[in-house]
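One structure is given below, encoded as structure tokens.
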Amino acid sequence: MNALTEDDLIIALEKALPEIAEDHQSAASPWNPHDWVPWDDGRNFAFLGGDDFDPSQATLSDEARAGLLALLLTKDNLPSYHRVLAKHFPAFSEWRQLIGVWTAEDNRHSIVLRDYLVVRRAIDPVDAEDRRLVHVTKGYRQTPEQVDPLGPLDVLALMAVHENQCVSFIKRMSAVAADDVLVQILAKISADDQQQANTFGAFLNAGIVADQDATVIAIDSALALGRAEAIGHDIDDFEAERALIADYENSDTWRDIAATLADAVKLDSVEGLGEEAEAARQRILSRARG
């Protein structure tokens, strides 16, 4: 089978959009960030007559702080992820059912994390804001070399990998959260990420129907790329923090993510691939077996 052009591929994927969007909506669990923030613990900072943050006020271990900062700054970078998705799936089209909904859902995550961390004085809010400005300005995949080679299936595969990464990362984070409220917040974020991972996996399954070779190659490439890009890998001046969470993503993480994506597209039963795609299929299945 000849590979589809990008336009034909997007048209083919669009046929699956209504059903996948409906499935996502029915499975999603709406929630409000403000409901999960312990506002009674908050007080003014010096600008409004209170006291500024002092390191002695920190309520998190160094490891938990590092993990939460990595997660917060990753979620802060939502505009860049939106732009990568919108390269092929513009939000002003019918694809807003994917892009618009995903963006709105994911935006809750940085809101609730920052509000919680500031109210609890769990981290230095000035440091967090300074880091946000640098990180969001730099962005995620914002150079032509990083973005231009990405086709529609590459983008969907990258997002499927990313959402599964977040789920795994949050599971590790929850074990060191040491605060019931924070654990519940992380559970809400993880549930969103899991549902979003399922949705991107469903689009990859539609991709198998449209162009199985290109889909398998895209998944293989996304897994290889994601393995080299742990949550927090692209945060500047974060070496000490990264060392504390270095084992949050390991061989077991990537075995599980590969297995999840292989199951999503029923990779075991895919047949008739070209040589390059078959080699990619075998690499994915090998990763999934660990």
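The values are calculated or read from the model by the stated rules, or taken from the named source; none is laboratory data. Only a predicted model underlies this, so the values are computations on that prediction, with no experimental measurement involved. For neighbour counting, all protein chains shown are included, and Cβ atoms are generated from backbone atoms with ideal geometry for every residue, glycine included. Each accessible area value is taken on the protein alone, full model and side chains, heavy atoms only, with ligands, DNA and RNA left out. Shrake-Rupley method; radii C 1.70, N 1.55, O 1.52, S 1.80 Å.
Residues Gly201, Gly232: which one is on the phi > 0 side of the Ramachandran plot and not acidic (Asp, Glu)?
Values: Gly201 fails: on the phi > 0 side of the Ramachandran plot.
It is Gly232.
Without any contact (Cβ under 8 Å) to a residue 40 or more places away in the chain and either within 28 Å of Gln97 (Cβ to Cβ) or open to solvent by less than 20 Å² (accessible area, probe 1.4 Å) (or both) - does that describe any residue in the stretch 59-71?
Scanning the stretch 59-71 turns up no residue that is without any contact (Cβ under 8 Å) to a residue 40 or more places away in the chain and either within 28 Å of Gln97 (Cβ to Cβ) or open to solvent by less than 20 Å² (accessible area, probe 1.4 Å) (or both).
For Thr103, all conditions in the list (1) open to solvent by 20 Å² or more (accessible area, probe 1.4 Å); (2) in contact with a helix residue (DSSP H, G or I) (Cβ under 7 Å, 6 or more places away or on another chain); (3) among the β-branched types (Val, Ile, Thr); (4) more than 19 Å from Val161 (Cα to Cα) hold save one; what is the number of the exception?
Of the numbered conditions (1) open to solvent by 20 Å² or more (accessible area, probe 1.4 Å); (2) in contact with a helix residue (DSSP H, G or I) (Cβ under 7 Å, 6 or more places away or on another chain); (3) among the β-branched types (Val, Ile, Thr); (4) more than 19 Å from Val161 (Cα to Cα), the odd one out for Thr103 is (4).
Could you tell me whether any residue of the stretch 148-161 is in a helix (DSSP H, G or I), closer than 30 Å to Ala262 by Cβ, of a type in the set (Asp, Glu) and open to solvent by 20 Å² or more (accessible area, probe 1.4 Å)?
So the first thing to find is which residues in the stretch 148-161 are in a helix (DSSP H, G or I), and the list is 152-161.
Checking the rest, the ones that are also closer than 30 Å to Ala262 by Cβ come to 152-161.
Add one more test, that the residue is of a type in the set (Asp, Glu), and what stays is 154.
Narrowing the set further to residues that are open to solvent by 20 Å² or more (accessible area, probe 1.4 Å) leaves 154.
Checked against the condition, which is being in a helix (DSSP H, G or I), closer than 30 Å to Ala262 by Cβ, of a type in the set (Asp, Glu) and open to solvent by 20 Å² or more (accessible area, probe 1.4 Å), the stretch 148-161 yields at least one hit.
Test Leu150 against the criterion of being within 16 Å of Trp102 (Cα to Cα) and touching a helix residue (DSSP H, G or I) at 6+ places or on another chain (Cβ under 9 Å), and give yes or no. I'd like the intermediate steps shown before the answer.
Working: within 16 Å of Trp102 (Cα to Cα): no; touching a helix residue (DSSP H, G or I) at 6+ places or on another chain (Cβ under 9 Å): yes.
Taking the combined requirement at face value, the residue does not satisfy it.
Matching residues to (1) among the aromatic types (Phe, Trp, Tyr); (2) at pLDDT below 95; (3) open to solvent by 50 Å² or more (accessible area, probe 1.4 Å); (4) more than 17 Å from the chain's Cα centre (by Cα):
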| site | (1), (2), (3), (4) |
| --- | --- |
| Gln195 | no, no, no, no |
| Val209 | no, no, yes, yes |
| Val216 | no, no, no, yes |
| Asp220 | no, no, no, yes |
| Arg227 | no, yes, yes, no |
| Asp237 | no, no, yes, yes |
| Trp254 | yes, no, no, no |
| Leu267 | no, no, no, yes |
| Ala277 | no, no, no, yes |
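Collect the residues in the stretch 32-58 that are under 30 Å from Ile99 (Cα atoms) and surrounded by 16 or more Cβ atoms within 10 Å (Cβ to Cβ), keeping them in residue-number order. Working first, answer last.
First, pick out the residues of the stretch 32-58 that are under 30 Å from Ile99 (Cα atoms): 32-37.
Pro33, Trp36, Val37 - these are the residues of the stretch 32-58 that are under 30 Å from Ile99 (Cα atoms) and surrounded by 16 or more Cβ atoms within 10 Å (Cβ to Cβ).
I'd like to check something: does the stretch 236-253 contain any residue that is in contact (Cβ under 8 Å) with a residue 60 or more places away in the chain, in a loop (DSSP other than H, G, I, E, B) and in contact with a Ser or Thr (Cβ under 6 Å, 6 or more places away or on another chain)?
no
Would you mind telling me which numbered condition in (1) free of Cβ contacts under 8 Å to residues at least 12 places away in the same chain; (2) in contact with a Ser or Thr (Cβ under 8 Å, 6 or more places away or on another chain) Leu78 fails?
(1)
Being open to solvent by 70 Å² or more (accessible area, probe 1.4 Å) and in contact (Cβ under 8 Å) with a residue 60 or more places away in the chain is the filter here; which residues of the stretch 112-131 pass it? Break it down stepwise before answering.
Keep residues of the stretch 112-131 that are open to solvent by 70 Å² or more (accessible area, probe 1.4 Å), which gives 126, 130.
Val126 - this is the single residue of the stretch 112-131 that is open to solvent by 70 Å² or more (accessible area, probe 1.4 Å) and in contact (Cβ under 8 Å) with a residue 60 or more places away in the chain.
Could you list, in sequence order, all residues of the stretch 7-31 that are over 23 Å from the mean Cα position of the chain (by Cα) and open to solvent by less than 90 Å² (accessible area, probe 1.4 Å)?
Asp8, Leu9, Ala12
Go through the stretch 176-193 and count every residue that is surrounded by 16 or more Cβ atoms within 10 Å (Cβ to Cβ) and in contact (Cβ under 8 Å) with a residue 24 or more places away in the chain.
11
Checking Thr260 against (1) under 19 Å from Leu150 (Cα atoms); (2) part of a helix (DSSP H, G or I): exactly one of these is not met. Which one?
The one condition Thr260 does not meet is (1).
Take the residues of the stretch 93-108 that are charged (D, E, K, R) and more than 26 Å from Trp36 (Cβ to Cβ): which is nearest to the chain's Cα centre (by Cα)?
That would be Arg96.
Scan the stretch 174-190 and give yes if some residue there is in a helix (DSSP H, G or I), more than 13 Å from the chain's Cα centre (by Cα), more than 19 Å from Leu158 (Cβ to Cβ) and hydroxyl-bearing (Ser, Thr, Tyr), otherwise no. Don't jump to the end; show me each part of the working.
Initial filter on the stretch 174-190 (in a helix (DSSP H, G or I)): 174, 180-190.
Adding the requirement that they be more than 13 Å from the chain's Cα centre (by Cα) leaves 174, 180-188.
Remaining after also requiring more than 19 Å from Leu158 (Cβ to Cβ): 174, 180-188.
Narrowing the set further to residues that are hydroxyl-bearing (Ser, Thr, Tyr) leaves 174.
Taking every residue of the stretch 174-190 in turn, at least one turns out to be in a helix (DSSP H, G or I), more than 13 Å from the chain's Cα centre (by Cα), more than 19 Å from Leu158 (Cβ to Cβ) and hydroxyl-bearing (Ser, Thr, Tyr).
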